[in-house]
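Data first, discussion second: the structure below is written as structure tokens.
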């Protein structure tokens with residue numbers, strides 16, 4: 001059994017606490033690409049990528065997107081509960097670990113920035129690729145902005161409160 005101190009040291013050394021220690025050939029990533037494409041098709045068919053649906057949500061004119069998001073939260077919570085209760089492992093057989101996270105006021109600011117960007121652009125990171133794939137090329141600006149924001153966060157990450 002690993003001590004708490006060695007877990008903390010391992011946590012500080014790792015870039016991602018759930019990062020797999022296994023290495024696979026590059027073509028293993030195709031399974032993720034296929035799932036991503038299927039996920040995008042579901043987004044398009046369910047109209048989740050629709051700018052009008054997103055605007056309806058932010059104007060409180062329709063329950064549709066709230067229902068989608070609420071369903072995702074419930075499915076996610078049940079999935080975590082099942083993974084914890086039955087100690088389910090990854091496809092590669094590695095254990096899945098959940099770590100408690102402490103609250104930070106930066107989460108409020110980050111959520112506000114995310115929500116404002118979502119309301120203005122009509123896109124959050126998940127549907128961006130589906131929107132581009134559907135021919136909404138103006139979303140390319142949003143995609144480049146998301147890349148820039150990710151880069152800025154990565155650059156200042158060590159200086160930010162977490």
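The values are calculated or read from the model by the stated rules, or taken from the named source; none is laboratory data. All values derive from a computational prediction rather than experimental measurement. Here Cβ is always computed from backbone atoms with ideal geometry, including for glycine, and neighbour counts include all displayed protein chains.
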task = Test residue 69 against the stated conditions and say whether it is closer than 24 Å to residue 119 by Cα and in a helix (DSSP H, G or I).
result = yes
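Which residue is modelled with the lowest pLDDT, if the candidates are limited to the stretch 99-108 and must be outside any loop (DSSP other than H, G, I, E, B) and surrounded by 11 or more Cβ atoms within 10 Å (Cβ to Cβ)?
Only one residue fits best here, namely 106.
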note = Those residues of the stretch 137-162 that are over 19 Å from the mean Cα position of the chain (by Cα) and in contact (Cβ under 8 Å) with a residue 24 or more places away in the chain come to a total of 2
query = When you go through 88, 96 one by one, which is the residue that is surrounded by fewer than 14 Cβ atoms within 10 Å (Cβ to Cβ), touching a residue at least 12 places away in the same chain (Cβ under 8 Å) and either within 30 Å of residue 23 (Cβ to Cβ) or touching a helix residue (DSSP H, G or I) at 6+ places or on another chain (Cβ under 9 Å) (or both)?
reply = 96
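Confirm whether residue 52 is outside any loop (DSSP other than H, G, I, E, B), within 18 Å of the chain's Cα centre (by Cα) and either closer than 29 Å to residue 138 by Cα or in contact (Cβ under 8 Å) with a residue 40 or more places away in the chain (or both).
Numbers: outside any loop (DSSP other than H, G, I, E, B): yes; within 18 Å of the chain's Cα centre (by Cα): no; either closer than 29 Å to residue 138 by Cα or in contact (Cβ under 8 Å) with a residue 40 or more places away in the chain (or both): yes.
For residue 52, the condition - outside any loop (DSSP other than H, G, I, E, B), within 18 Å of the chain's Cα centre (by Cα) and either closer than 29 Å to residue 138 by Cα or in contact (Cβ under 8 Å) with a residue 40 or more places away in the chain (or both) - is not met.
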